[in-house]
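Heads up: the structure comes next, in structure tokens.
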Amino acid sequence: MEFVRAAILGIVQGLTEFLPVSSSGHLVLIPALFGWEDQGLSFDVGLHLGTLLAILGYFWRDWVEMVRVGTADLARYQFRFSRHRRPSQFLWLIALGSVPAAVVGFLFNDWIEEHVRQPWLIAITLAAVGAVMLYADSRGTRARTMSSIGVVDAVVIGVAQACALIPGVSRSGATITTGLFRGLDRNDAARFAFLLGTPAFVGAALLKGKDLASETSTDLAALGVGFICSAVVGFLVIHFLLRYLRTRSLAVFVWYRFGVAALTLVIAGIRVA
């Protein structure tokens, strides 16, 4: 793969993984719209490793604190979770919320990759989820903070994250939207979405990492370019989005989803004709 194309895909991955616009959908749509050969799932995995590095780099203090307190509380109180301190409880909530995506990914990931990577289907999911996002953003009370998140919240948002295995849905879009439906503040909904998504990133990397072994040295060099672009851009986007949502709505991302969906359907229709 050419280095320029790899860089473009890496930038696209970094931009769209954390913005609520669907990275997997864009990684299918960009090659389709420009007539590029599909870069393959192994290359997509490499790009996701870049965004995994970005999210771990941004939230490393949170993870260190949760693991440190969680380990100490588990040793002291065992499974009497009501006695655990908040960072420990939060670690367990993230683990609980990660179960739906792990189960769905293990059972259906191959089927999803083979049957739902068509541009027309991604256009539909982009628009449909965008409409749900707009409704949640306008109707959510935004009165709750992360400190109020409980078991029901973790499970419901975790189920939404599992739905994001379908290209066009968007992991951050699904989880932030569900957080808004649960009454969370926009910024805290996004922050929890990113923390909840971290185990899913790790699981996907472990599940698909074996695919990278088949890459040639040239492909690996291009993959390195995409990885670096994905990591750097992803880190910057996380910082941007958390600041943006403190004072602004999701509307701009919704209208972007509608625009991309419409453009995709128009181009697909022209090519069929």
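Considering each of 149, 176 in turn, give the residue that is among the β-branched types (Val, Ile, Thr), over 14 Å from residue 250 (Cβ atoms) and either crowded, with 22+ Cβ neighbours inside 10 Å or over 15 Å from the mean Cα position of the chain (by Cα) (or both). From the options 149, 176, the qualifying one is 149.
Taking the numbered list (1) at pLDDT 85 or above; (2) of a type outside the set (A, V, I, L, M, F, W, C); (3) surrounded by fewer than 20 Cβ atoms within 10 Å (Cβ to Cβ) in turn, residue 191 passes all entries but (3). Annotation note: of 51, 16, the sole residue that is within 27 Å of residue 258 (Cα to Cα) and in contact with a His (Cβ under 7 Å, 6 or more places away or on another chain) is 16.
So that you can scan it fast, the table gives a plain yes or no per residue for (1) assigned to a helix (DSSP H, G or I); (2) within 23 Å of the chain's Cα centre (by Cα); (3) of a type in the set (A, V, I, L, M):
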site: 47; (1), (2), (3): yes, yes, yes
site: 70; (1), (2), (3): yes, no, no
site: 82; (1), (2), (3): yes, no, no
site: 90; (1), (2), (3): yes, yes, no
site: 93; (1), (2), (3): yes, yes, yes
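In segment 255-271, the residues that are at pLDDT below 90 reach residues that are among the aromatic types (Phe, Trp, Tyr) with C-beta atoms within less than 7 angstrom, at least six apart or across chains, in these pairs: 265/120; 268/120.
Only one of these is in a helix (DSSP H, G or I) and touching a strand residue (DSSP E or B) at 6+ places or on another chain (Cβ under 9 Å): 110, 153, 137. Name it. Going through 110, 153, 137 in turn, just one is in a helix (DSSP H, G or I) and touching a strand residue (DSSP E or B) at 6+ places or on another chain (Cβ under 9 Å): 153. Condition test on residue 25, is it surrounded by fewer than 21 Cβ atoms within 10 Å (Cβ to Cβ) and of a type outside the set (A, V, I, L, M, F, W, C)? No.
The values are calculated or read from the model by the stated rules, or taken from the named source; none is laboratory data. What you see is a predicted model; the values in this text were computed from it and never measured. Heads up, the Cβs are rebuilt from the backbone with ideal geometry, glycines too, and the neighbour counts pull from every protein chain shown.
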